[in-house]
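Working notes, beginning with the structure itself.
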Amino acid sequence: MASTTREKFASFINNRWLVFVAAMWIQSCAGNGYLFGSISPVIKSSLNYNQKELARLGVAKDLGDSVGFIAGSLSESFPLWVALLVGAVQNLVGYGWVWLVVTRRAPVLPLWAMCFLIFVGNNGETYFNTGSLVSGVQNFPKSRGPVVGILKGFAGLGGAILSQIYTMIHSPDPASIILMVAVAPAVVAVSLMFFIRPVGGHRQIRPTDGASFTFIYGVCILLAVYLMAVMLIEDLVVVSHNIVTIFTIVLFVILVVPVLVPIMTSFFMDSNGPVETVEEPLVPKREDQEPGTQTPDLILSEVEDEKPSDVDLLPASERHKRIAQLQAQLMQAAAKGAVRVKGRRGPHRGEDFTLTQALVKADFWLIFTSLLLGGGSGLTVIDNLGQMSQSLGYNNTHVFVSMISIWNFLGRISGGYFSELVVRDYAYPRPVALAVAQVVMAIGNIFFAFGWPGAMYIGTLLIGLGYGAHWAIVPATASELFGLKNFGALYNFLTLANPAGSLVFSGMIASTIYDMEAERQAHGSVFNPDDVLKCDGYICYFLTSLIMSGFCIVACILSLILVRRTKTVYTNLYGKTRT
């Protein structure tokens, strides 16, 4: 009996679902960047920054969130807990020092030094994201879309979760939110870092996995609905601190509920063991090939060049048979010298690429540019949400920060779920879901541009959903086209598109137009030169939003080009045709 209990406990500790749940908890605190809309007004008023200076802090924040080369390298060379520990230290030191400066406990630093501190603090997110995503895709190789969507979703929801905790703290000092951002993620990451690791998830596939994912999705939706309801109640009704505390306790209970999945699968399910499966190769082995032998890579390269285009449209069994026959013919011809086998120029789509090999592929740059235009415009809205809401007459910016975090969360969840349906049921390229998300964002920017009644609510809904979907679809697409072996490095390079887009949209366009309009409004009115320039009305972000809407449309076109280029790849990977 004791031996059985020990075996079940060991199974629980090494359960891939436990690793997944621990990664969800870390990710729920890894969305510090989404709170920038709440902390930026505090920094702006305390240090007397104008909008352009604040935008530079925003760009530094976005760079920190996206420059993950070190995180990617650490994830390939060391256990994942090392990356998580480094991220926790950076988060604590960076944001902790910002808090000291804002509260005058440390000397005021020049703008470049503040940008560096914001960069260091927010760069901790890259370590949290890398550790969580690498463990997720390695432990769930058959469910990359849902896993990436859920993990990135919790990172997007982190802003709303931390905002609710801050509301419960009820501190009279507005700068205390910066202290919370410094401490909370570091404590959670250090507490859970040893759980985050590959545990041979491909050997733990069970018939109940579908039900487990459904349960996790249900918890995610419940969490989003609950946070939305709590946020609206706290915004529309005056509630006591005791009620806010109860709301926060219930929030923690919902966050803990997913741990029931590894508990059930380890202690209460059939102990006969999981069902082992083997990944289907992109190019199958010949039916007459002897066990233990492999088709040479050079022959596989020739197959890609020589096979008729209509082969990819055949049913899986017939397609495999035709490719096997072509392989046999090429091998016989090569043996007789009738065919000169060309030297292989590198991996094909769907195989493992290094970052250097991926950088010379047009598909990789289509993904990067589409993410730069679509993701960059969404990030600009998130960074400027405080000023956008104030310009339209809203005083409580925390409400919209929480709202866009929730919609961002649902966008990532739904992006992973629906894009997985597209590839699993129809073997159609996943980027088509990205194109849909970018159209949604273009419409959201139109609402912000014209400032119609309720535009802040509708705009945050559409931008949050569309931007969130990017971070479920893009990582999964990269892993499908360029392999899992170097996923950490590939993912962290793609995230550079975020600060690049933010630099153009927020650092150059949005801040310049805002300050110009604020200066124009200041003329002809009584204005103290020591006061911070402030712009009022929808005109503050009218032109910026129209420009971002146009770029979202361009991003959609690039995504559709990628769809056209990768149809064959997805047909090969998922082996289905629409019937």
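When Lys and Arg each count +1 and Asp and Glu each count -1, what net charge do the other residues less than 15 Å away from Thr167, Cβ to Cβ, add up to? Don't skip to the answer; put the middle values down first.
Numbers: positive: none; negative: Asp173, Glu234, Asp235.
Value of the local net charge: -3.
For the listed residue pairs Lys361/Lys485; Lys142/Lys485; Lys8/Lys142, the alpha carbons are over 21 angstrom apart in Lys8/Lys142. Relative to one another, the C-alpha centroids of segment 365-390 and segment 81-127 are positioned 23 Å apart. For the set Trp81, Trp452, Trp407, solvent exposure ranked by accessible area (probe 1.4 Å, protein chains only) runs largest to smallest as Trp452, Trp81, Trp407.
His523 contributes about 140 Å² of solvent-accessible surface, heavy atoms of the protein only, 1.4 Å probe. A simple spin-label model places the labels of His241 and Met269 4.5 nm from each other, with each point 7 Å out along Cα-to-Cβ. Here segment 128-253 has 75 percent of its accessible surface on carbon and sulfur atoms, given a 1.4 Å probe and all protein chains in place. The loop-placed chymotrypsin sites (Phe, Trp or Tyr not before Pro) in segment 465-568, going by DSSP, that have at most 16 neighbouring Cβ atoms within 10 Å of their Cβ come out as Phe527. Taking all Cα pairs closer than 8 Å and separated by 6 or more residues, the relative contact order of segment 59-168 comes to 34 percent.
Applying 1/(1 + (r/R0)^6) with R0 = 25 Å to the Cβ-Cβ distance of Thr356 and Phe116 gives a FRET efficiency near 0.30. Radius of gyration (Cα atoms) of segment 2-68, expressed as a multiple of 2.2 N^0.38 Å: 1.93.
A simple rule links phi to the HN-Hα coupling: the Karplus curve 6.51 cos²θ - 1.76 cosθ + 1.60 with θ = phi - 60°, which for segment 454-464 gives x, 4, 5, 6, 5, x, 5, 4, 5, 5, x Hz, with x for Gly and Pro.
Placing a label point 7 Å from the Cα of Val82 along the Cα-to-Cβ direction, the residues of segment 116-132 whose backbone N falls under 19 Å from that point are 124-132. What the Kirkwood sum gives for segment 49-136 is a hydrodynamic radius of 13.4 Å, with every pair of different alpha carbons counted.
Placing R0 at 45 angstrom, the Cβ-Cβ distance between Thr5 and Ser46 gives a FRET efficiency of 0.20 after rounding to 0.05. Mean silhouette area of segment 145-186, derived from the convex hull of its C-alpha atoms and averaged over all directions, reads 3.2 nm². Distance from the C-alpha centroid of segment 153-208 to that of segment 423-494: 23 Å, rounded to the whole angstrom. Spin-label model, Leu533 to Leu232: label points 7 Å out along the Cα-to-beta-carbon direction sit 3.9 nm apart.
Distance between the pseudo-spin-label points of His523 and Ile458 (7 Å out from Cα toward the beta carbon): 3.3 nm.
The values are calculated or read from the model by the stated rules, or taken from the named source; none is laboratory data. The model shown is predicted, which means the values in this text are computed figures rather than measured ones. Here the Cβ is made from the backbone with ideal geometry for all residues, glycine too, and neighbour counts use every protein chain on show. These area figures cover heavy atoms from the full protein model, side chains too; ligands, DNA and RNA do not enter into them. Shrake-Rupley method; radii C 1.70, N 1.55, O 1.52, S 1.80 Å.
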